[in-house]
Amino acid sequence: LDFMTRYFRWQASLEPVRLFPGSWQKIRAGDNLESVLWLYNRTGDEFLLDLARLIHERTVRWDLKVASWHGVNICQGYREPAIYYVVSQDRSDLDASERDYQQVMTLYGQAPGGMFGADENCREGYYGSRQGAETCSMVEFMRSFEMLLGITGDPLQADRCEEVAFNDLPASMPPDLRGLHYLTAPNMVQLDRADKSPGLQNGGCMLAFDPHLYRCCQHNVGMGWPDFAEHLWMATRDNGLAAVLYAASRVEAKVAGGVEVKIAETTDYPFDELVGLTISTPSPVRFPLYLRVPGWCARAAVKVNGQAMPAPTRPHSYVRLEREWHEGDRVELQLPMDLKVVRWRTNHDAISIARGPLWYSLKIGESWLRSGGTDEWPGYEVFPDSAWNYGLVLDDRDPGGSLRVETEDGPPADQPFTPDAAPITLTAQARRIPNWTLDSKGLIHELQGSPVRSGEPLETVKLIPMGCARLRVSMFPTIGEGPDAREWVTPPPPRHEASECWDVIYALSDGEIPTSSSDYATPRFTWVPKRGTTEWVTYRFEKPRVISWSDVYWFEDAGIGYCRVPQSWKLLYRDGEAWREVASASGYGTERDRFNRVTFDPVSTSELKIVAEFRPASSAGILEWRVGGPRD
């Protein structure tokens, strides 16, 4: 406390312009504000409230709009106005955080699991089933919900936290928690090390499990479950206790009159419907006990010592039990879990299936292959070992009636979040969609509109909780017949492919012209981490074109990284199945800060290829690649 007091006095002494001058500290300064209020609640030092107001003034204006479309910035930053509400008591501050949340989820969160697509930023047009969320984002989103739950008491925040915790967070790590991957998406059926851009924003390895990669997520992931455990129970203003998140736990707390009670919570939630609480108290004591009723539960029921309680149990509320509690009193909360089929109208009419707090994914066979790391901390790629390209066959009049719930006998395994240990499974009828495949990068192709026509045999498939599925299809096409059913069209090949890509491959021809070879504001393609090698990248056309010139604007990050203009390069064109170098090339320039144009005898082709030889110990990259013909 003394250290934090001195630190915040130092912050308060700064000229305002020196407090969060820019960049992410300005976007995420709500974290600093929360720590100031934490300290104030323990010391009562009035200067801390003045500092809180200053921090709010110096933070970007989340109260006006979504201030950044970077995934983690959203998850960590949108909560700032609601935190400041504790000081301002202005309802508009509280409403601003909810408004930001709703805008993000409406645009990019129309998917199961509680997250939104931002890999690494939210991108216009990229909001589908394969758009992922960083592991960082999951943990920070959960933290936001936990903080807002403490500020508002709104049980909706607990629902949101549990949705991420039970459906997405477990799949971000291997079952032994000895690694993680950068992105987790509702539909992802191959977790390899290969570049997946532009389908995923960043190049390089985004999906394989490895404890030696993804440095930023390493610092956040360890907080996820401890923060969740820390917020299972909360104090209430009327000197009571509230069970706000559900998990097997023990809590010790002082209640009315300063009596210290203990409550042991026994439950297999979220896989089981029963939550049991056993009270331990040194003497009879009267205090209120609050039990959250989740928004998905329409038929909750409560018993105390075996006797049904008449307390109201509507969704998104708390059951309040105020009585004199005695040693050994037993409370039982029953949370019946009904099946729910959700149709994502803005995502090709795909459907997802939920039961209680859990969403469900297709059970896909997993083949784990060692890809690096050490024996103690290995890295893995995961490949599908069974078919995954299914559409579900559902009864339009009663979709849930097409599904059957199966539960395992006995308690869940110590690690229930694996395909084989899943405590609950669903069975459904399905048909395969042969044209639904992986793209050339090994990324699942996007969904197409439902219903889909399929002549494949009817099969019975198993669905498991999303959190159990590292390989997953959680947003399904539906199978149909008749005039409304559509053929699944094989997507065209991508415009660009490369031997390696770390940044974004679509940057090659996005039309954004750089101001220099070191223009970091312009998207770039790089062959990082390749060094001192010979690499390639292609430019594919929708139909054959006559081409006679090509412009290349090389990227260089001297003083920061190891990308340099290449030592040499050449341009090839596709001739049937063969690649041939263009004839009469005017010269392959490697000048910085300009387009390097090569002219050549016109060729009719469907694809070009740059082959670049790198300088020793250096990589290379391209900011923009233009091509044209004699009439351009």
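The values are calculated or read from the model by the stated rules, or taken from the named source; none is laboratory data. Source: prediction; values computed, not measured. Cβ atoms come from the backbone with ideal geometry, glycine included; neighbour counts cover every protein chain shown. Side chains are part of the model used for accessible areas, which takes the heavy atoms of the whole protein and leaves out ligands, DNA and RNA. Shrake-Rupley method; radii C 1.70, N 1.55, O 1.52, S 1.80 Å.
Listed conditions (1) farther than 16 Å from Leu232 by Cα; (2) out of contact with any strand residue (DSSP E or B) (no Cβ under 9 Å at 6 or more places or on another chain); (3) at pLDDT 95 or above are all met by Tyr127, apart from (3).
This table checks each residue for (1) open to solvent by 30 Å² or more (accessible area, probe 1.4 Å); (2) more than 28 Å from Phe271 (Cα to Cα); (3) without any contact (Cβ under 8 Å) to a residue 12 or more places away in the chain; (4) in contact with a Pro (Cβ under 6 Å, 6 or more places away or on another chain).
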position: Tyr390; (1), (2), (3), (4): no, no, no, no
position: Thr418; (1), (2), (3), (4): no, no, no, yes
position: Pro423; (1), (2), (3), (4): no, no, no, yes
position: Leu426; (1), (2), (3), (4): no, no, no, no
position: Asp439; (1), (2), (3), (4): yes, yes, no, no
position: Leu443; (1), (2), (3), (4): no, yes, no, no
position: Thr460; (1), (2), (3), (4): yes, no, no, no
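Residues of the range 525-534 that are closer than 22 Å to Glu120 by Cβ and either open to solvent by 30 Å² or more (accessible area, probe 1.4 Å) or in a helix (DSSP H, G or I) (or both): Pro529, Lys530. Please verify whether Glu581 is surrounded by fewer than 16 Cβ atoms within 10 Å (Cβ to Cβ), out of contact with any Lys or Arg (no Cβ under 6 Å at 6 or more places or on another chain) and of a type in the set (Asp, Glu), treating the condition exactly as stated. The answer is no for Glu581.
The condition (being over 19 Å from Gly373 (Cα atoms), open to solvent by 10 Å² or more (accessible area, probe 1.4 Å) and either in contact (Cβ under 8 Å) with a residue 60 or more places away in the chain or among the β-branched types (Val, Ile, Thr) (or both)) is satisfied by just one residue among Asp159, Asp168, Asp238: Asp159.
Being part of a strand (DSSP E or B), of a type in the set (Gly, Ala, Ser) and crowded, with 16+ Cβ neighbours inside 10 Å: is that true of Ala247 here? Break it down stepwise before answering.
Working: part of a strand (DSSP E or B): no; of a type in the set (Gly, Ala, Ser): yes; crowded, with 16+ Cβ neighbours inside 10 Å: yes.
Answer is no for this residue.
Taking first residues from the range 510-535 that are touching a residue at least 12 places away in the same chain (Cβ under 8 Å) and partners that are assigned to a strand (DSSP E or B) and exposed (fewer than 15 other Cβ atoms within 10 Å of the Cβ), the Cβ contacts under 9 Å between residues at least 6 apart in sequence or on separate chains come to Thr533/Glu613; Thr534/Glu613; Glu535/Glu613.
Restricting the range 250-262 to residues that are open to solvent by less than 60 Å² (accessible area, probe 1.4 Å) and either assigned to a strand (DSSP E or B) or within 17 Å of Leu321 (Cα to Cα) (or both) leaves a set whose member that is modelled with the lowest pLDDT is Ala256.
On the basis of being open to solvent by 20 Å² or more (accessible area, probe 1.4 Å), assigned to a loop (DSSP other than H, G, I, E, B) and out of contact with any Lys or Arg (no Cβ under 8 Å at 6 or more places or on another chain), does Arg99 make the cut? So Arg99 fails the test.
Test Val537 against the stated conditions and say whether it is over 35 Å from the mean Cα position of the chain (by Cα) and part of a strand (DSSP E or B). Spelling it out, it is not the case that Val537 is over 35 Å from the mean Cα position of the chain (by Cα) and part of a strand (DSSP E or B). None of Leu177, Leu200 is touching a strand residue (DSSP E or B) at 6+ places or on another chain (Cβ under 9 Å), of a type outside the set (D, E, K, R), assigned to a loop (DSSP other than H, G, I, E, B) and under 20 Å from Tyr214 (Cα atoms) except Leu200.
Could you list, in sequence order, the residues of the range 14-27 that are open to solvent by 50 Å² or more (accessible area, probe 1.4 Å) and in contact (Cβ under 8 Å) with a residue 24 or more places away in the chain? Within the range 14-27, Pro16, Trp24 qualify. Residue pairs whose Cβ atoms lie under 7 Å apart, separated by 6 or more positions or on different chains, with the first residue in the range 263-274 and surrounded by fewer than 16 Cβ atoms within 10 Å (Cβ to Cβ) and the second among the hydrophobic types (A, V, I, L, M, F, W, C), are Thr266/Ala248.
With the condition kept exactly as written, say whether any residue in the range 568-578 is in contact with an Asp or Glu (Cβ under 9 Å, 6 or more places away or on another chain), in contact (Cβ under 8 Å) with a residue 24 or more places away in the chain and either part of a loop (DSSP other than H, G, I, E, B) or surrounded by fewer than 18 Cβ atoms within 10 Å (Cβ to Cβ) (or both). Steps first, answer last, please.
Within the range 568-578, the subset in contact with an Asp or Glu (Cβ under 9 Å, 6 or more places away or on another chain) is 568-574.
Subset that is in contact (Cβ under 8 Å) with a residue 24 or more places away in the chain: 568-574.
Pick out the ones that are also either part of a loop (DSSP other than H, G, I, E, B) or surrounded by fewer than 18 Cβ atoms within 10 Å (Cβ to Cβ) (or both) and you get 568, 570.
Yes, the range 568-578 contains a residue that is in contact with an Asp or Glu (Cβ under 9 Å, 6 or more places away or on another chain), in contact (Cβ under 8 Å) with a residue 24 or more places away in the chain and either part of a loop (DSSP other than H, G, I, E, B) or surrounded by fewer than 18 Cβ atoms within 10 Å (Cβ to Cβ) (or both).
For the range 43-89, a tally of residues being open to solvent by 10 Å² or more (accessible area, probe 1.4 Å) and within 16 Å of Leu33 (Cα to Cα) returns 22.
Select from the range 359-375 the residues that are charged (D, E, K, R) and either part of a strand (DSSP E or B) or at pLDDT below 95 (or both) and write down the one among them that is least open to solvent (accessible area, probe 1.4 Å). Give the steps one after another, and end with the answer.
Here is the first cut: in the range 359-375, the residues charged (D, E, K, R) are 363, 366, 370, 375.
Filter once more, keeping what is either part of a strand (DSSP E or B) or at pLDDT below 95 (or both): 366, 370, 375.
On the way: Glu366: 47, Arg370: 117, Asp375: 137 Å².
Filtering the range 359-375 for residues that are charged (D, E, K, R) and either part of a strand (DSSP E or B) or at pLDDT below 95 (or both), the one least open to solvent (accessible area, probe 1.4 Å) comes out as Glu366.
If you take the residues of the range 28-42 that are assigned to a helix (DSSP H, G or I) and of a type in the set (Gly, Ala, Ser), which of them is surrounded by the fewest Cβ atoms within 10 Å (Cβ to Cβ)? Taking the candidates together, the pick is Ser35.
Scanning the range 126-156 for residues that are among the aromatic types (Phe, Trp, Tyr) and either without any contact (Cβ under 8 Å) to a residue 12 or more places away in the chain or open to solvent by 20 Å² or more (accessible area, probe 1.4 Å) (or both) yields Tyr126, Tyr127.
The rows are residues; the columns are (1) within 30 Å of Val164 (Cβ to Cβ); (2) surrounded by 20 or more Cβ atoms within 10 Å (Cβ to Cβ); (3) among the basic types (Lys, Arg).
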| site | (1), (2), (3) |
| --- | --- |
| Ile464 | yes, yes, no |
| Ala469 | yes, yes, no |
| Met475 | yes, yes, no |
| Gly511 | no, no, no |
| Ser518 | no, no, no |
| Pro523 | yes, no, no |
| Val537 | no, yes, no |
